[in-house]
Amino acid sequence: MPTERSWFKSIRSHQGATKRWRELAKKYHPDVGGNHEIMAEINRQYQQVIERLARPKSKKQAATTTTTAHNSAPADGQEDDPASSSQPPDPLFDDDEYGEVVDLVADITSRFIKAGVRAFARRRRAAR
């Protein structure tokens, strides 16, 4: 096993970490002739990177949740109007989740296209 090597040195996003992990798994996974110890080290570092990337985001969300809960109670005689809130609405997906959704949609789309091409080829062969 090589000396302590940083496999995820320049990674700054969850999506980038996952992409890098997949590249490394294709090269170093024991099922493709790689070394079990190296793959275990890659997995350990991947988990550390994911936890590091999630940590600041969690603190920010905790601060926002506390502020929102404190400010959400209407004052006496005032109605709770969501349109007058100074907080923007929560997005449907976080940035990391958005990248994962895009990857999933691309994967499903490519599978449908491949299935359609195979079905077309079968019909064409059957017509001969």
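Sort out which residues of segment 22-55 are of a type in the set (D, E) and farther than 19 Å from E100 by Cα, and write them in order of number.
Hits for segment 22-55 are D31, E37, E41.
Residue check: is T18 in the same structural domain as S6 (by TED's automatic domain parsing) and at pLDDT below 80?
no
Has segment 51-59 got at least one residue that is exposed (fewer than 12 other Cβ atoms within 10 Å of the Cβ) and at pLDDT 85 or above?
Yes - at least one qualifying residue is present in segment 51-59.
Taking the condition in contact (Cβ under 8 Å) with a residue 12 or more places away in the chain, on the phi < 0 side of the Ramachandran plot and in a loop (DSSP other than H, G, I, E, B), does W21 pass?
The answer is no for W21.
The values are calculated or read from the model by the stated rules, or taken from the named source; none is laboratory data. Treat the numbers as computed from the prediction; the structure is a model and nothing was measured. Quick reminder, even Gly has a Cβ in these numbers, built from the backbone with ideal geometry, and neighbours come from all protein chains shown.
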